[in-house]
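**Student:** Shown below is the structure under consideration.
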Amino acid sequence: MSDVEAVNSIIEGLEKYGSFSILTHVSPDGDTLGAALAMYQLIIGMGKKAEVICEEPVPHIYGYLPFADKVVLPDGAKGYECVLTVDCADMQRFKKADHIFKAAKHTMAIDHHFTNKGYADANLIRADASATCEVIFDLYRAMDKPISSEAAVCLYTGIVTDTGNLTYSNTTPKCIRMVADLYENGLNITEINRNIYRTVPFSKTRLQGYALANMKLELGGKIGIATLTIAEMNSFGATNEDCEGIVDSVRDVECVRVAVFIREGRDGTYKVSLRSKECADVGRIANKYGGGGHAAAAGYTSTEPLSTTIANVLRDVTEELENDKN
């Protein structure tokens, strides 16, 4: 299916159905929430019903997003006739909302992950897009819908967070032009960036300092790895969202080529986050364990003990680096 046909399939679904459940992924980030809330506003603006569903409450850092208070947990969802997933590379990404997806009359997916094989009835997947919010920006334009000031905040949030504030390798001239377009139309970039990057809870500062002070270098410094257990997080009164950014700080160490951050979940599993300085395909490693992402940024969940999880990821990253010719 061509891109034009994919766009039209989404538009047809939006025009045909009267109510929509919008699903985000677990461990919600700025792109999935920004995309969901931008679509919520588009659908409501068409005079239709919509709800945004997330397995977890909106992280404090994204509480500024317009209509963030409309996000509901799966148990509180109505489950409308059409389901739209955003930024979800596969069906495992929305976990507890899986039954809502399966019960829908029609399903649609908008995404930018190359691992997304198209699990919905209608799929709009652009692997070359910087973020799912970039795809939705184009959808607004294709439908000739105005981007309100509230929707602009959501779309910018998705683009800026998925590109590392327009610094990662997925930053393109196209997404920079989109940001410029939003800025020219009144978007307050300074305020949003302060909310995302310059407003940090004390618990997060202490936790991240602890994690980085205890990080280890492996393979002659090419691999940086940091870990956190539930007990360690509890000792700082920290939450999962306080862990956001740790893996990026590990990657920023000069000698590190691949960064690994492993945190324990309350269910006893371990969330493994991977970042690469374009010298190893960490997406391939994540896919091996049922996760996903991109070549330079990916993640997965391990059910093995921490020691085994560490051993496995160090082995896999070492193999990727040894296969790299750069």
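**Student:** Tell me yes or no: at least one residue of region 113-132 is surrounded by fewer than 18 Cβ atoms within 10 Å (Cβ to Cβ) and in contact with a strand residue (DSSP E or B) (Cβ under 6 Å, 6 or more places away or on another chain).
**Tutor:** yes
Yes/no per residue for (1) touching a residue at least 24 places away in the same chain (Cβ under 8 Å); (2) surrounded by 16 or more Cβ atoms within 10 Å (Cβ to Cβ); (3) within 24 Å of GLY245 (Cα to Cα):
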site	(1), (2), (3)
SER21	yes, yes, no
HIS25	yes, yes, yes
PRO28	yes, yes, yes
ASP31	yes, yes, yes
GLY45	yes, no, no
CYS54	yes, yes, yes
PRO66	yes, yes, yes
PRO74	yes, yes, no
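**Student:** Six or more apart or on different chains, Cβ atoms under 6 Å: show the pairs whose first residue is in region 85-99 and in a strand (DSSP E or B) and whose second is open to solvent by 40 Å² or more (accessible area, probe 1.4 Å).
**Tutor:** Note: no pairs meet the criteria.
**Student:** Since MET39 meets every condition but one in (1) over 19 Å from GLU244 (Cβ atoms); (2) exposed (fewer than 15 other Cβ atoms within 10 Å of the Cβ), which condition does it not meet?
**Tutor:** Failed condition: (2).
**Student:** What strands (runs of 3 or more DSSP E) completely inside region 221-326 contain at least 3 residues that are open to solvent by 20 Å² or more (accessible area, probe 1.4 Å) and either modelled with pLDDT of 95 or more or in contact with a His (Cβ under 7 Å, 6 or more places away or on another chain) (or both)?
**Tutor:** 270-276
**Student:** Return the pairs, sorted by first residue and then second, in which the second residue is among the hydroxyl-bearing types (Ser, Thr, Tyr) and open to solvent by less than 30 Å² (accessible area, probe 1.4 Å), the first residue lies in region 147-166 and is farther than 17 Å from ASP87 by Cβ, the beta carbons are less than 7 Å apart, and the residues are 6+ apart or on different chains.
**Tutor:** Matching pairs, first to second residue: ILE147/TYR140.
**Student:** Now for a different question. Could you go through region 290-308 and let me know if any residue there is on the phi > 0 side of the Ramachandran plot, in contact (Cβ under 8 Å) with a residue 40 or more places away in the chain and more than 17 Å from the chain's Cα centre (by Cα).
**Tutor:** no
**Student:** List pairs: first residue in region 111-122 and assigned to a loop (DSSP other than H, G, I, E, B), second residue among the basic types (Lys, Arg) and surrounded by 15 or more Cβ atoms within 10 Å (Cβ to Cβ) anywhere in the structure, Cβ distance under 8 angstrom, at least six positions apart or on different chains.
**Tutor:** Pairs that qualify, where the first residue is assigned to a loop (DSSP other than H, G, I, E, B) and the partner is among the basic types (Lys, Arg) and surrounded by 15 or more Cβ atoms within 10 Å (Cβ to Cβ), are HIS112/ARG126.
**Student:** Listed residues ALA286, ALA311, ALA280; which is of a type in the set (Gly, Ala, Ser) and in contact with a helix residue (DSSP H, G or I) (Cβ under 7 Å, 6 or more places away or on another chain)?
**Tutor:** ALA280 is the lone residue from the list that is of a type in the set (Gly, Ala, Ser) and in contact with a helix residue (DSSP H, G or I) (Cβ under 7 Å, 6 or more places away or on another chain).
**Student:** Moving on. Would you tally the residues in region 1-53 being modelled with pLDDT under 95, of a type in the set (Gly, Ala, Ser) and under 23 Å from the mean Cα position of the chain (by Cα)?
**Tutor:** Count: 1.
**Student:** Going by what's in this entry, would TYR80 be described as open to solvent by less than 70 Å² (accessible area, probe 1.4 Å), within 27 Å of THR190 (Cβ to Cβ) and of a type outside the set (A, V, I, L, M)?
**Tutor:** Against the criterion (open to solvent by less than 70 Å² (accessible area, probe 1.4 Å), within 27 Å of THR190 (Cβ to Cβ) and of a type outside the set (A, V, I, L, M)), TYR80 does not qualify.
**Student:** What single numbered condition from (1) touching a Phe, Trp or Tyr at 6+ places or on another chain (Cβ under 9 Å); (2) under 21 Å from LYS49 (Cα atoms) fails to hold for CYS88?
**Tutor:** All conditions are met except number (2).
The values are calculated or read from the model by the stated rules, or taken from the named source; none is laboratory data. Here the structure is a predicted model, which means the values were calculated and not measured. All Cβ positions, even for glycine, are placed from backbone atoms using ideal geometry, and neighbour counts span all protein chains on display. In case anyone asks, the SASA skips ligands and DNA or RNA and just uses the protein heavy atoms, side chains included. Shrake-Rupley method; radii C 1.70, N 1.55, O 1.52, S 1.80 Å.
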